[in-house]
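Notes for the one structure printed next.
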Amino acid sequence: MLIERDRSLLLVDVQERLVPAMAEPAGMLANCALLLKSAARLGVPILASEQYPQGLGPTVAELRALLPEGAICAKTAFACTTDPEIQARLRAAGRAAIEEFRELSR
């Protein structure tokens, strides 16, 4: 995969109370871990969002351990890409775009 120089990886709301409700959570977590490890190895900046962490819990521990220090952005609005903190961090890193990966249903 060719990574553009203005791209980042954003892990979206993979939180303790949300993961059990997701389809095939074990496979999804394995795929997220692979993406995080790959992005780190390629030098792609990584951010993670947490939707209302006080109620939904933090990012699951196995993925949180793979995140760079300070990568987590808490939010209360649903959309990540319009969140002011996430946008500010992307601009500060000189990154304008977020790569979006969705697991295909089988």
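Bear in mind these aren't lab numbers, they're just calculated from the coordinates by the rules spelled out. Note that the structure is a prediction, hence the values are computed from the model and not measured. Note that we place each Cβ from the backbone using ideal geometry, even for glycine, and neighbour counts take in every protein chain shown.
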Which one is surrounded by the most Cβ atoms within 10 Å (Cβ to Cβ) among residues in the stretch 5-29 that are part of a helix (DSSP H, G or I) and aliphatic (A, V, I, L, M)?
VAL19
Hey, among LYS75, LYS37, which residue is basic (Lys, Arg) and within 21 Å of ARG91 (Cβ to Cβ)?
LYS75
Is it the case that the stretch 42-49 has a residue that's part of a helix (DSSP H, G or I) and surrounded by fewer than 18 Cβ atoms within 10 Å (Cβ to Cβ)?
yes
